[in-house]
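Asker: Pasting in a structure now, in structure tokens, and then I'll have a few things to ask.
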Amino acid sequence: MTDRRRLILAGAAAFVAGLIILFPARVAWHWFAPPGAALGGIEGSVWRGSAREASTNGLYVRDVAWRWLPGRLFTGRWAYRIEAVPGSGFINLDIGVSPGGTVYLQDLRGSVPLAVLESLVGVPGIQGTANVNMPTLRLAGGVPVAAAGTIEVSGLVVPLVAPAALGGYRAEVQTKEDTIVASVQDDGAVVDLAGRLQLGPDRDYDFLGYVAPTDSTPPPLLQQLRYLGTPNDRGQYELRLSGRL
């Protein structure tokens, strides 16, 4: 091989390597953007970059930053470290995708205003703040199949239930065999609540809990509690919800 040909090949290899290393995130987004998602003000490369704002399925965030995590390739996942601001508060997490399409969320921590989730959760006028600490969350087909961590909600307001704040609630989440289980209880709320939520691999969920009024329960909410039926000898009303995701 002549020196000239070696130089040409070396130059071509350097050019290709440069394209890979500096591959613009804006180009990659236009090629691979999922339906229903939007990303604006894109800067940087696919390996490290940022965007002014992003939205998907009714969730809007701003000041998005990402960093590729090459070490996760050894676990069979293509992964990134993501940081974003949901209105106020913050979201930090590692997100990875396996060849089979399973999504892995690790070290998910955030403080999210519930108002930004209004269209996502389908509860008009919902307000409050959700503080999330979820070391493990795995999704298959967009549905959680494994989870571990805590979710705390403060200053919850659900206009369909009561116009005033309902207080705070806490959920401890874990996975038992193939079922996600969350133990839910009130945290200084206007009603006493204790319950258990289960989400199975068939996507069916079931919540069974007991709710009781307190001295701070507003009269309109007291009236709604009576629609739950007859209380037990502890003054608790059974609350059962079920459905399918």
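The values are calculated or read from the model by the stated rules, or taken from the named source; none is laboratory data. Here the structure is a predicted model, which is why all the values come from computation and not from measurement. Note: ideal-geometry Cβ built from the backbone for every residue, glycine included; neighbour counts use all protein chains shown. Calculation scope for accessible area: heavy atoms of the full protein, side chains included, ligands and nucleic acids excluded. Shrake-Rupley method; radii C 1.70, N 1.55, O 1.52, S 1.80 Å.
Per-residue answers, yes or no, for (1) under 26 Å from Glu172 (Cα atoms); (2) of a type in the set (D, E, K, R); (3) in a strand (DSSP E or B):
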{"site": "Arg52", "(1), (2), (3)": "no, yes, yes"}
{"site": "Glu83", "(1), (2), (3)": "yes, yes, yes"}
{"site": "Gly96", "(1), (2), (3)": "yes, no, yes"}
{"site": "Ala115", "(1), (2), (3)": "yes, no, no"}
{"site": "Arg138", "(1), (2), (3)": "yes, yes, yes"}
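Asker: For residues that are buried (at least 20 other Cβ atoms within 10 Å of the Cβ) and in a loop (DSSP other than H, G, I, E, B), scanning just region 163-189, find the one that is modelled with the highest pLDDT.
Answerer: Ala189
Asker: Turning to a different aspect of this structure: I'd like the full set of residues that are among the hydroxyl-bearing types (Ser, Thr, Tyr) and farther than 18 Å from Trp31 by Cα, limited to region 46-81.
Answerer: Tyr60, Thr75, Tyr80
Asker: Determine if region 195-206 includes at least one residue that is surrounded by 14 or more Cβ atoms within 10 Å (Cβ to Cβ), in a strand (DSSP E or B), of a type in the set (A, V, I, L, M) and out of contact with any Cys (no Cβ under 6 Å at 6 or more places or on another chain).
Answerer: Checked region 195-206: at least one residue is surrounded by 14 or more Cβ atoms within 10 Å (Cβ to Cβ), in a strand (DSSP E or B), of a type in the set (A, V, I, L, M) and out of contact with any Cys (no Cβ under 6 Å at 6 or more places or on another chain).
Asker: Would you confirm, using the coordinates I've provided, whether Ser154 is open to solvent by 30 Å² or more (accessible area, probe 1.4 Å), under 18 Å from Thr214 (Cα atoms) and among the polar types (S, T, N, Q)?
Answerer: yes
Asker: Here's a follow-up. Residues that are modelled with pLDDT under 85 and open to solvent by 80 Å² or more (accessible area, probe 1.4 Å): does region 59-76 have at least one?
Answerer: no
Asker: Here's a follow-up. Between a first residue in region 113-140 that is farther than 30 Å from Lys176 by Cα and open to solvent by less than 30 Å² (accessible area, probe 1.4 Å) and a second residue that is assigned to a helix (DSSP H, G or I) and not polar (S, T, N, Q), which pairs have beta carbons less than 7 Å apart while being 6 or more apart in sequence or on different chains?
Answerer: Pairs that qualify, where the first residue is farther than 30 Å from Lys176 by Cα and open to solvent by less than 30 Å² (accessible area, probe 1.4 Å) and the partner is assigned to a helix (DSSP H, G or I) and not polar (S, T, N, Q), are Ile126/Leu114; Ile126/Ala115; Ile126/Glu118.
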